[in-house]
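**Q** The structure under discussion is supplied below as structure tokens; questions concerning it will follow.
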Amino acid sequence: MSEGGGRSWRLVRADTDAVPASVRRFMARARRRRLRAALPWAVGAGVALVVGALAWTVYGTSVLGVRSIDVVGTDSLAPLEVEQAAAVRMNQPLAGVDLDRIRGRVEALPAVDRAIVSRSWPSTVVVEVVERTPVAAVPARGGFTLIDAEGVAYRTVSSRPAGLPVARLTAPGPEDINTRSALTVLSALTAELRDQLVSISVPKPAQVSLGLRRGRTVIWGDDTQSDNKARVATALLERKGDTIDVSAPDVVTIR
């Protein structure tokens with residue numbers, strides 16, 4: 001008691017033993033529940049930080065950036081030509097490289113039929129090209145223009161490659177009707193005819209003719225019944241005569 005009859009209070013911290021055991025157990029369980037409730041959030045936050053750091057490393061930095069270009073599958077093309085057409089920016093994150101755009105730029109090269117572009121971790125872009133395969137050589141100024149099985153004229157060379165027939169066409173191309181007739185006939189030839197073939201001439205769609213070795217000629221006519229005409233012409237190769245006419249395969253003439 002203070003003087004004057006007033007009261008004064010003093011806070012006294014109770015000893016732990018003063019708290020009933022049941023209360024202590026309740027408080028401990030409450031703490032454990034709070035820890036268990038907070039643990040998933042803590043783990044999730046940690047995982048998010050790790051994933052974010054990895055994503056930033058992969059997509060936002062040059063740690064896993066492009067260091068090299070690997071070109072495979074070239075034949076007539078030089079790897080450097082393909083690499084220049086691909087135009088891959090070095091040191092950009094490999095994960096962010098636009099593979100479709102690279103493929104489109106490479107396939108714009110006339111000699112490329114198709115391209116496959118992929119990533120090779122940790123730092124390489126792989127460009128695999130499939131070049132066009134020539135089926136005939138068209139005489140052109142200064143040499144020969146090669147065409148593939150689709151009629152695409154994609155390359156000019158100074159001399160006719162060995163084994164390729166000369167295709168005498170006025171305007172070679174996929175949309176040219178004479179070119180399409182020539183390709184239809186060429187695809188139908190037997191191995192024996194192809195072995196002796198020197199040239200194919202198509203001044204008009206219905207005037208296809210083949211030039212064979214030893215100056216022989218096969219008058220083909222149009223490109224219809226080409227499989228049948230090829231079989232008949234092959235059967236007549238051993239016959240004498242410079243001209244084999246299979247334009248009407250049911251009525252064959254040899255002169």
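**Q** Could you please report the charge total around Ser199, scoring K, R as +1 and D, E as -1 over all other residues with beta-carbon less than 12 angstrom from its beta-carbon?
**A** My count for the surroundings of Ser199 gives +4.
**Q** Here's a follow-up. Can you pull the percent of the stretch 113-156's accessible area that's carbon plus sulfur, 1.4 Å probe, other chains left in place? Mind dumping the intermediate values first?
**A** Numbers: 1040 of 2170 Å².
With neighbouring chains kept in place, the figure for the stretch 113-156 is 48 percent.
**Q** I've got another one for you. Mind listing the phi-derived Karplus ³J(HN,Hα) values for the stretch 166-174, rounded to whole Hz, using 6.51, -1.76 and 1.60 with θ = phi - 60°, and x for any glycine or proline?
**A** 7, 9, 8, 10, 6, 9, x, x, x
**Q** Sticking with this structure for a sec: Rank Arg141, Arg155 by accessible area, highest first, at a 1.4 Å probe radius? All intermediate terms of the calculation are to be shown ahead of the outcome.
**A** On the way: Arg141 235, Arg155 95 Å².
If we order Arg141, Arg155 from most to least accessible, we get Arg141, Arg155.
**Q** Excluding Val127 itself, what net charge comes from residues whose Cβ is under 15 Å from its Cβ, given Lys and Arg +1 and Asp and Glu -1? Working shown, then result.
**A** Values: positive: Arg67, Arg89, Arg101, Arg103, Arg105, Arg114, Arg119; negative: Asp70, Asp75, Glu81, Glu83, Asp98, Asp100, Glu107, Asp113, Glu128, Glu131.
Net charge around Val127: -3.
**Q** Can you tell me the alpha carbon radius of gyration of the stretch 181-239 divided by the globular rule-of-thumb value 2.2 N^0.38 Å?
**A** Values: Rg = 10.2 Å, N = 59, 2.2 N^0.38 = 10.4 Å.
My calculation over the Cα atoms of the stretch 181-239 gives 0.99.
**Q** Could you tell me the ratio Rg/Rh of the stretch 110-255? Both radii from Cα atoms, Rh via Kirkwood. Walk me through the numbers before you get to the answer.
**A** Details: Rg = 18.1 Å, Rh = 16.5 Å.
Result: Rg/Rh = 1.10.
**Q** Cα centroids of the stretch 80-98 and the stretch 221-255: how far apart, whole angstrom?
**A** If you average the Cα positions of each part, the centres end up 54 Å apart.
**Q** Turning to a different aspect of this structure: Work out the length of the dipole vector of the stretch 204-246 about its Cα centre, built from +1 on the beta-carbon of each Lys and Arg and -1 on the beta-carbon of each Asp and Glu, and round it to the nearest 20 debye. Provide the component values of the computation, followed by the final result.
**A** Numbers: 8 positive and 6 negative charges, 48 e Å.
Magnitude of the dipole: close to 240 debye.
**Q** Let me ask you something else. When the scattering of the stretch 107-191 is computed by the Debye formula from its Cα atoms alone, each counted once and equally, what is log10 I(q)/I(0) at q = 0.16, 0.18, 0.21, 0.23 Å⁻¹?
**A** -0.66, -0.77, -0.96, -1.09
**Q** A further question follows. Treat every Asp and Glu Cβ in the stretch 64-103 as -1 and every Lys and Arg Cβ as +1, leave all other atoms uncharged, and give the resulting dipole magnitude about the Cα centre to the nearest 20 debye. Don't skip to the answer; put the middle values down first.
**A** Values: 4 positive and 6 negative charges, 41 e Å.
Using only the charged Cβ atoms, the result is roughly 200 debye.
**Q** In addition: May I ask for the net charge around Val152, where only other residues with Cβ less than 15 Å from the Cβ of Val152 are counted and Lys, Arg are +1 while Asp, Glu are -1?
**A** Values: positive: Arg114, Arg132, Arg155, Arg180; negative: Glu107, Asp113, Glu131, Asp148, Glu150, Glu175, Asp176.
Result for the local shell: -3.
**Q** Related question: Taking the Cα centre of the stretch 162-255 as origin, work out the dipole magnitude from +1 charges on Lys and Arg Cβ and -1 charges on Asp and Glu Cβ, in debye rounded to 20.
**A** Details: 12 positive and 11 negative charges, 73 e Å.
Approximately 340 debye in magnitude.
**Q** Leaving out ligands and nucleic acids, and using a 1.4 Å probe, what accessible area per residue does the stretch 87-227 come to in Å²?
**A** Dividing the accessible area of the stretch 87-227 by its residue count gives 51 Å².
The values are calculated or read from the model by the stated rules, or taken from the named source; none is laboratory data. Keep in mind the model is a prediction, meaning the values are calculated, not measured. Using ideal geometry, Cβ is built from the backbone for each residue, glycine included, and neighbour counts are taken over all protein chains shown. Surface accessibility is based on the protein's heavy atoms, side chains included, excluding ligands, DNA and RNA. Shrake-Rupley method; radii C 1.70, N 1.55, O 1.52, S 1.80 Å.
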